[in-house]
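First the structure, in the form of structure tokens, and then the observations on it.
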There are 2 protein chains.
Amino acid sequence: MGSENPSGAGNQQERPGIEQWVVGFVDGEGCFSISVVRNAGCALGWQVQHEFSVTQAATSRPALELLVGVFGCGYLIENTRNDNHRELLLRFSVKRRSDLLRRVVPFFEENPLITAKRLDFERFAGVLRFMEDGGHRTEEGLSSIARLTEQMNRRQRSRYLESSEAIRQPSQPTLS
Amino acid sequence: MGSENPSGAGNQQERPGIEQWVVGFVDGEGCFSISVVRNAGCALGWQVQHEFSVTQAATSRPALELLVGVFGCGYLIENTRNDNHRELLLRFSVKRRSDLLRRVVPFFEENPLITAKRLDFERFAGVLRFMEDGGHRTEEGLSSIARLTEQMNRRQRSRYLESSEAIRQPSQPTLS
């Protein structure tokens, strides 16, 4: 009943419509994540982290290698699972801002996502451009980014907004 | 920072490369499931159930409606969540064998999956064709299907294979 091996990444990159396959796969499994985390090395004591990632069971490694090929950036990381699944997980990850701005964001602007994940992408792209203009270098800008992260993905309360630095803020302008 | 509404299903169906989007989305989120369950109404006391499904948060309803349009079959069902997520889930589901054999299977034979899910699909298609030939009408055939289900998805032990009917079997031929 058919082949025992899913297709490798090598020739799939030439498959017609591969961009649309990537859009569908990311609509399903992709994650656009922004977080504001403590980092004493940064001027304001907080750092904005950004990551585009897709996580799969390690058996689907060729599909993740295909993403590295299509985007021309990013790498694969083995995930330590925090649940009771038996399979090893693998994450395709792009963190570098220049890769995100020059490769990932233009790709999804040319090939738009279809699910509600599109809203996460638009917020993600907005934060990256805001940072490109230095917006994260002020406490007002950090607050604005932190409020946006609360609307993305798991919608968790931002630690930055609960911190004394943010509470000190007299006014908090809105990014989006 | 962009639109507040993800694109509706209506015009997306005409989007170039939509088949490849479907493949990517199903590579990520699709489920090809076969189970052998007790049903006193069936000749052997067991029934083979088959379902192709894609589950999403209800906010991505347009993406699931798009699947109904592309496959020309199936329907949307509200899922009761068994975890602590707050969002309502919606499932695109195709269960009818004729729809699976005439619409879903040919689609993924023309547009192959890329991840390891392809192996699940091949087993799924094999079982459907085996059933089309009446293979599930014997206890040997049922055992063969049940063993195949143990290699798919969550790889759970088949209740059929643990039942007295199956244990009675002197020999169990292999389907794949």
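The values are calculated or read from the model by the stated rules, or taken from the named source; none is laboratory data. Quick caveat: nothing in here was measured; it's all calculated off a predicted structure. Quick reminder, even Gly has a Cβ in these numbers, built from the backbone with ideal geometry, and neighbours come from all protein chains shown. The area values use the complete protein model at the heavy-atom level, side chains included, leaving out ligands, DNA and RNA. Shrake-Rupley method; radii C 1.70, N 1.55, O 1.52, S 1.80 Å.
Add +1 for every Lys or Arg and -1 for every Asp or Glu among the other residues with Cβ under 14 Å from the Cβ of B:Gly141, and state the total. Charge balance in the 14 Å sphere: -2. A protection proxy built from the mean count of other Cβ atoms within 10 Å ranks the segments B:30-39, A:71-80, A:142-151, B:133-142, most packed first, as A:142-151, B:30-39, B:133-142, A:71-80.
Label-point spacing for A:Arg129 across the identical copies (point 7 Å from Cα in the Cβ direction), in nm and ascending order: 5.0. Sequentially through the stretch B:13-19, phi angles give Karplus couplings (6.51, -1.76, 1.60; θ = phi - 60°) of 4, 8, 4, x, x, 4, 4 Hz, Gly and Pro residues having no value and appearing as x.
Label point of B:Leu76 (7 Å along Cα→beta-carbon): distances to the other copies' equivalent points are 3.5 nm, sorted ascending. Extending 7 Å from the Cα toward the beta-carbon at both B:Ala57 and B:Ser98 defines two label points whose distance is 3.9 nm. Listed by chain and number, the lysines whose alpha-carbon sits under 22 Å from that of B:Lys95, ignoring those within fewer than 8 places in the same chain, are B:Lys117.
For the residues A:Glu122, A:Glu132, a 1.4 Å probe over the protein chains yields an accessible-area ranking, largest first, of A:Glu132, A:Glu122. Buried accessible surface for the A/B chain pair comes to about 3200 Å², total over both chains, computed with a 1.4 Å probe. Modelled spin labels at A:Thr138 and B:Glu87, positioned 7 Å past Cα toward Cβ, are 3.3 nm from each other. In the assembly of identical copies, B:Gly41 has its label point, taken 7 Å from Cα in the direction of the beta carbon, separated from the corresponding points by 6.5 nm (ascending, one decimal).
Across peptide B:26-32, the average count of Cβ atoms from other chains found within 10 Å of a residue's Cβ is 4.
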